[in-house]
Structure formats: C-alpha cells, structure tokens
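*Asks:* I have a structure I would like to understand better, so I am pasting it below and will then ask my questions one at a time.
The values are calculated or read from the model by the stated rules, or taken from the named source; none is laboratory data. None of the values given here were measured: they were computed from a predicted structure. Every residue, glycine among them, receives a Cβ derived from its backbone with ideal geometry; neighbour counts consider all protein chains shown. The area values use the complete protein model at the heavy-atom level, side chains included, leaving out ligands, DNA and RNA. Shrake-Rupley method; radii C 1.70, N 1.55, O 1.52, S 1.80 Å.
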Amino acid sequence: DSRFSEEISVIIPTQTFVPAQQSSNNSMIISVFKADIDNINLEGYDEIGLFCKDGDNEICCGAASFKSTITTENPLTITAWADEETTPEKDGYTEGDSIMYKLWKKNPDKIYNTILRTFINASGSPYNLDHFSTNATTEVELNFTTPPPVIFLFNQELACANQNNEIHITTQNFTKLNNFFLEIVIDTSYLTYNHFSNVNESLSSYSLINNLDTLLITWEDNEDVSINNNDTLISLNYNFNKKGNTEIIWGENSTTSGMEYQESQFINNTITIDSIPQQAENIFGDQDVCNGTPFSLYSITESENATNYIWNLSPTEAGNIEENYNEAVLNWNNDYAGESIIYVKSQNQCGTSDSTTKTISITNSVIIAASISGNFNDKCEGEEITINALITNGGNDPLISWYINNNYQYGNNSTVLNSSDLKNNDEIYCILESSSECAINNPTSSNILLAQLNPLPERPEIVAGADTICNTTPHSTYITTGSNYSDTYNWSISPQNAGEITENGQSAYIYWDLDYLGTAYIFVNGENECGEGNYSPAYITYRDYCTDTETLSENRLSISPNPVKYYLQISISENIFDAEYEILNINGINISEKTSLPQNGKINTQKLSSGIYFLRVTLQNKSFYTRFIKL
C-alpha cells in the first residue's frame, strides 16, 4: 500500500522565523494554509508530520491533525522543533538544514512521504531562532502527488536463433531500492544454453540460481542503489536453437523491498525468435546480353523472413546496379564485353545469407544487312528471272521473306528468288531476320529492286461493231481501242464457221457465212517481240433471219430499263399488231416459247438468271432483235 512521492521544495523565508510561544527558542511556528494530494484537499483527521535528520536517523520535529478542511483563512499551525540540543554543530535552524514532511491519510489509510528534503533558505549561518522578534508566521503550501509504481520489465521483443541474445531487465520510475528477489521462468525447449551477465555495477552483492527453466536472482543491500530510470538492472544472455515465439515471464514470487509506500509491477515479454533468411535459389533474368543493351532486369523469389536484399555486380566496369528490394536493374557499360557475375544476399536483423550468383555473358553486337540484285537485260515479262540476296550477319539459321509489290511470296526462305510472274516495274525486296543473338536492327529490310522488263501487250477491248445482224448481211466491221506495247493485233472469231475474218491492225472485217445463224464471238489481242498479250473480252454478235430491211429500219423496237431487274417494257411502232416475243440466251438458243406480247408491253424477267439475253419480237413474218442484261 506504499507510494513514493515526487520531490517537493518548500521555501521558508528567514525573516518569517519567530520563536514559538510556550516552546524553546529552537522552534518555530509553521502555518500550513494549503495542503492536498493530487490537487485534492486534505480532510479532517488527516495528519502532517515534520521530521529532521540526525545523522542517518529521522527525528520527529512536530505534527498536527486536521480538524476540518484547511483554507487560507483557517490554516493548520504546526510547532516545529530544531535539531536536538545534543548535536553541537546545529543550534537552531541554519542554512542547509531540511525538514521532511510526511502525510497520514486517514481514508484510505496511506502514508505519503517527501523523500527528498525541503531546504530552509536562511540568510546567514548560524542563526538561533530567538534572534528574531517579528510576529509573522512561516506559511507554506504542501502539494503531495501519488507517485507511479516502480516497473520491472524485459526490453527485448526480437531475438535470433543460434546467436547470443541479451535480454535486459530494466526499471522505470526508480527511486530507492534496498533488495529484490527476481524469479524468471523461461521455455527451455528453445534454449541451447543460458547464463546471466552484465549486472549493474551499482548492485554491490547478488546471487544467482539457475534451475533449467527457472532463474532466481537475489540482491540485498542496506544502502540506496544509484540506478536511474530505464537503466539496465541485469542483462541475461541466451542462445535460442530454433525459430518461433517464446515468452519470458516473471515468477509469482518476484518481490522488491526498500521502496517505501510504492507498489512494484513486473511485466512479461513475448520474444519472436527469428533466424538468418534462406539463400535465394535462383536469379531470374538474361543469361546472355548483347553489348549495346542499355539495361537488364533481374529478380529473385522472396526468401522467408528476409527484410532486405543486397545486390552486387562483378566486375564493376561491366556496369552499375540499382537495387529495388528483390529486384535489380543492371545498367550495362556499352564498352564492356565478356563475363560478369551478379550476386544477391538475403538479409534481416539476424544476419545475411550466402550469396546466390548468376554468370552473364556479354557479347559484342553485330549489324545485319541484306542487299538484293537481278539481271533484267533484254528480258521479257513471263521469262524466269533470278533475284539474289547478299546477307550480312544473318547467323546460322536466318529467315528470309521475299515480297513482290508488298505481297509476301509464300514458301520462300532462301537467298534466291526465281519467278516467271514478274511484270515490268514490279517492286521486289526481302526482309532478313537474323538468328544472331546480338544482331542490331533485327529484322531489317533490303533495298527495293525495280523490275526492268520488256512488257507484253496489255489486254485490248473491242469498242465498235454490230451486235445484232440479219442473215442477209454479208460482212461487218469491228474496231478495238488497241493496247499499250502492241506492235500487231490478232483477231479471231468463234465458232470459226460463222465467217472469215480479215485483219487490218486495230480493225477487222468479218465476211459472214450467209447460212450461219446464231451467236458469234469476236476476240482480239496484241503482239510484240516478247509474245502475245491476253485476248480481249468476247464481243458478241447475233445473226438471225431478216426478210425486209426497209421494214426493219422503219419499224423500230426499243426496251427499258436495260439492265433490267424485274419487268422489261417493250415499245413497238403503233402500226404493228399481233406481235409475239421469245427470249434467247447468249448462245442464240431459244429458252422460252413464242408468246403473244401483252398489250401493256411488259415482260416479267424475274425467273431469268443474271446474264446477257436476246429478245426477238416477230410480226407478219418479220423479226426484230435487241440485247438486254438481266440483273
């Protein structure tokens, strides 16, 4: 139930000392007009005592009891005696003397003690109280505080396995200690060995008993011990043999004495036992690096319990390393080629693991190139042309892709391209992808080669000529627009029995076989020294019976729309009656029966497939033809 108080300094001015009435000249009257504990006023029947020092002894020098709560108007008066007359060097209160105040609190029953003294501020030495004649009284304010308990604790929370670990027992709010008995209980399953060490030099005598899981430390001394707050009282040295969590606790028998009016507290501590982290298994990153590579990234899998990683590079002239926990960036020196080694260690508060290494080969870079060439002298389109590629630093297995007019030529992976499909002004190039590990600008494109070939004639078209004629017509003329690069033209007719054709450059005459009826196809192509070009699209002419050319001229047949999608509108001169129609295909074959022409002149064509057809209208043994396109 005891407490220590903090130091209280009470200043008693010299000029207020007066002899106490009905007391010796070595006493004085002290008027206490304010007294409290932790700012709470004292109450009736609480007592204040005054003590003086006689050597090492405390001598009561006066006391008073509260009858009611004190105030400035109703102070508590105490007669204070000086030191005993048997002490020759102290005759009354002199400079340096002290008074100790003690307080007895009735409810609860506690004693509060100012351990440190209150000095009298006397002006001169020595003085006897009877030298003063003033009627003033010494007035004081006494403020007591409830001191905190003295705390004993372990100050270590982390230890390392298989290493010496010091666990310190410290004190807080320490003021006076005469003796102690400390019982410490530990879990021996974690221990390799244990012993105590580093006892505070202020402890003049101590003893230690160690029985496996219980450590007993005792100390006893009649003198005050000079140990400050938070000072280490005793350090215990342990070697833990495995990782885990163990607890060092105070035994129930731990006690302290000599600390008047204060309760001691013993605080347990849980210790986490760690160990040196494991070595990293592998370093991930480039095994081979090309000279000129600006940087490479390397990493490791995080090691258990590691809090940091230490990276190094050897030799240092290979580059510099930037650490980022379990990753590192290597900034390479462009002038370095050869081998370098990267090192990494796992680290925590218990130590550093062995190094994990990775050897890196740095190879000089090479520039790749591809150049193509071919011979086009006096070559014509359609001839086989050979294009060769000259490869620089392609490696053992390069990939060569050929392109003509930006179109990839499938199936080619060779330094040679053979083609019979080249046309004049075609653009040829290749793309090289080197298999060299340190190729620069990989892949790369070759130069563009322009094919300088003598071209074949372009495909012409027939733009003029009869498309429907009577069987009585003996001949017809057909004209082509011609084609570039053509020196001559070749005309043909199919079937050949439709007539004979006479060529005249860009025009031709067909002398019809008067017995031929049906569809004829006329073609033309160009020719030069390199060969013949492609034939034109077929120009179609249909021959059928015609009996009266004048009637054919006077009675006109027209259709709309052309091309037609649904209905074909037929228009015939108004003097023509009882007309019939039929539809023929492109070959002149009748694909419908002869049918009376509707009065509105509309023919449904929806059943016809898309293509070119002929319409034949018959009236009074006269036939009229026209061509239309079905969409």
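*Asks:* Do you know which residues across segment 484-503 are open to solvent by less than 60 Å² (accessible area, probe 1.4 Å), part of a strand (DSSP E or B), under 20 Å from Cys470 (Cα atoms) and of a type outside the set (Gly, Ala, Ser)?
*Replies:* Narrowing segment 484-503 to residues open to solvent by less than 60 Å² (accessible area, probe 1.4 Å): 486, 489-495, 498-499, 501.
Remaining after also requiring part of a strand (DSSP E or B): 489-494, 499, 501.
Pick out the ones that are also under 20 Å from Cys470 (Cα atoms) and you get 493-494, 499, 501.
Ile493, Ile501 - these are the residues of segment 484-503 that are open to solvent by less than 60 Å² (accessible area, probe 1.4 Å), part of a strand (DSSP E or B), under 20 Å from Cys470 (Cα atoms) and of a type outside the set (Gly, Ala, Ser).
*Asks:* If you go through segment 332-356, how many residues are surrounded by 14 or more Cβ atoms within 10 Å (Cβ to Cβ) and assigned to a strand (DSSP E or B)? Outline the logic, then answer.
*Replies:* Just the residues of segment 332-356 that are surrounded by 14 or more Cβ atoms within 10 Å (Cβ to Cβ), to begin with: 332-333, 336-337, 340-348, 350-353, 355-356.
Next cut, assigned to a strand (DSSP E or B) only: 332, 340-348, 351-352, 356.
Adding up the residues that qualify gives 13.
*Asks:* In addition: Considering only segment 381-393, state which residues are open to solvent by less than 40 Å² (accessible area, probe 1.4 Å) and at pLDDT 90 or above. Before you say what the answer is, go through the steps one by one.
*Replies:* Applying the first criterion (open to solvent by less than 40 Å² (accessible area, probe 1.4 Å)) to segment 381-393 yields 381, 385, 387, 389.
Listed by number, the residues that qualify are Ile385, Ile387, Ala389.
*Asks:* Residues that are among the small types (Gly, Ala, Ser) and either exposed (fewer than 14 other Cβ atoms within 10 Å of the Cβ) or modelled with pLDDT of 85 or more (or both): list the strands (runs of 3 or more DSSP E) wholly contained in segment 515-631 that include at least 1 such residues. Walk me through it before giving the result.
*Replies:* On the way: elements: 518-528, 539-544, 557-560, 567-572, 580-584, 602-604, 611-619, 622-630.
Per the criteria, 518-528, 557-560, 567-572, 611-619.
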